[in-house]
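One structure below.
The values are calculated or read from the model by the stated rules, or taken from the named source; none is laboratory data. All values derive from a computational prediction rather than experimental measurement. Glycine gets a Cβ as well: all are built from the backbone with ideal geometry, and neighbour counts include every protein chain shown.
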Amino acid sequence: MIPIRSRAHLLSLRAPFAAICLAIAVAPALAAADDEVNLYSARKEALIKPLLDRFTEDTGITVNLVTGKADALLQRLKNEGPNSPADILLTVDAGNLHRAKAGGLTQSFSSEIVDAAVPATYRDPDGHWTGLSLRARPIMYVKGKVEPSQLSTYEALADPQWQGRICIRSSSNVYNQSLVASIIAADGTEAAQAWAEAIVANMARPPKGGDRDQIKAAAAGQCDIAIANTYYLAGMLKSDDPGEKEPAEKVAVFWPNQPGAGDGRGTHVNVSGAALTAAASNKDAAVKLIEFLVSPESQAWYAEVNGEYPVREGVEISPVLAEWGTFEADDLDLIELGELNGAALMLMDRAGWK
Ligand SMILES: [Fe+2]
């Protein structure tokens, strides 16, 4: 259960961080030293830099940050091999974290602090990576066009009543690959195949754009249902741009697969996370940084700024997210999303999911 809690301590946290300058770009030289850690991050600098500055302030350890797209950073790690200066890879989706591990780009680390802070389902069982923030991929529906009573599970979106009414992005996107992997895990390959085919038949249009585009298409009347990650909707709701905020206000969140609905396994969730690289030469400093990122203060700030849920229990959630209420998350080990990624991709391809 994702709890709603008081936001008082969260608000008091935000002010000092906001005051920290965001202007520093990619560090020029990355090298091994006792008081340094090198971070390859697929998350935007503004979403992580203030936390890194706080870490440096607390520990005296300098963090050199390189940001880039997840795929490009994975490729870079591969190209650099054992000479890579990177100590930590920060990226979204268990599918990506698993890809890094399967490609031999990561190594295990052990930390009692991380183990105590992060539920085992959100960590690699071999200790190569840990989740840092949690996102859900629920059903979003256009208010007034769909009644929540018509919704129940992901599986039920296969019903012909949704023909021409669903917007969802392409199968090339890891978020959908992980969603389908979770359906394979729950229902088996055959049922998941039939489900994917039915979803393709129910699509309002061939997949295009990102998650925000699905929400906007729904708000614009092209479909009644959008599948999207929660932080996109949160970001749109918090935006000053009416082009973002107005479409977001037209949709509501429905938590599928809650107890009593279908198998009641919970709504599909995923993480952003951190892996220790295979080439890490600043291992101690890297583990210290990861431990810092799962501390209650970091968790509250990181989740708030990213519009995500903390992975650590007992940490406040953003008021925007709190408005959507509490939900049960699928407790599938996220490692399974990585392991079933290939099967999910093949299945979507066979289903004609563009
Ligand atoms: Fe995303």
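Would you point out the residue of segment 249-270, among those that are touching a Lys or Arg at 6+ places or on another chain (Cβ under 7 Å) and in a loop (DSSP other than H, G, I, E, B), that is farthest from Ala136 (Cα to Cα)?
Checked segment 249-270; the qualifying residue farthest from Ala136 (Cα to Cα) is Lys250.
Report every pair of residues separated by at least 6 positions or lying on different chains whose Cβ atoms are under 6 Å apart, first residue within segment 204-231 and in a loop (DSSP other than H, G, I, E, B), second more than 14 Å from the ligand (Cβ to nearest atom) and of a type in the set (S, T, N, Q).
Sorted first by the residue in segment 204-231, then by its partner, the pairs are Ala204/Gln222.
Within segment 178-223, track down each residue that is within 16 Å of the ligand (Cβ to nearest atom), touching a helix residue (DSSP H, G or I) at 6+ places or on another chain (Cβ under 7 Å) and more than 14 Å from Tyr154 (Cα to Cα).
Passing the criteria: Asp211, Arg212, Ile215, Lys216.
Surrounded by 19 or more Cβ atoms within 10 Å (Cβ to Cβ) and of a type outside the set (A, V, I, L, M) - does that describe any residue in segment 236-243?
no
Does segment 268-290 hold any residues that are more than 25 Å from Thr106 (Cα to Cα) and surrounded by fewer than 24 Cβ atoms within 10 Å (Cβ to Cβ), and which are they?
none
Identify all residues within segment 271-318 that are under 17 Å from Ala136 (Cα atoms), assigned to a strand (DSSP E or B) and not aliphatic (A, V, I, L, M); write none if there are none.
If the condition is that a residue be under 17 Å from Ala136 (Cα atoms), assigned to a strand (DSSP E or B) and not aliphatic (A, V, I, L, M), then Ser272, Gly273, Tyr309, Pro310 are the ones that fit.
Restricting attention to segment 155-170, which residues are among the polar types (S, T, N, Q) and within 16 Å of the ligand (Cβ to nearest atom)?
Residue satisfying the conditions is Ser170 alone.
Could you tell me which of the residues Leu22, Leu65, Leu77, Leu52 is assigned to a loop (DSSP other than H, G, I, E, B) and either hydrophobic (A, V, I, L, M, F, W, C) or at pLDDT 95 or above (or both)?
Criteria check complete, one pass: Leu22.
Among the residues that make up segment 110-131, is at least one of them closer than 25 Å to Leu51 by Cβ, basic (Lys, Arg) and within 16 Å of the ligand (Cβ to nearest atom)?
Checking segment 110-131: not a single residue is closer than 25 Å to Leu51 by Cβ, basic (Lys, Arg) and within 16 Å of the ligand (Cβ to nearest atom).
Within segment 102-147, which residues are aromatic (Phe, Trp, Tyr) and in a loop (DSSP other than H, G, I, E, B)?
If the condition is that a residue be aromatic (Phe, Trp, Tyr) and in a loop (DSSP other than H, G, I, E, B), then Phe109 is the only one that fits.
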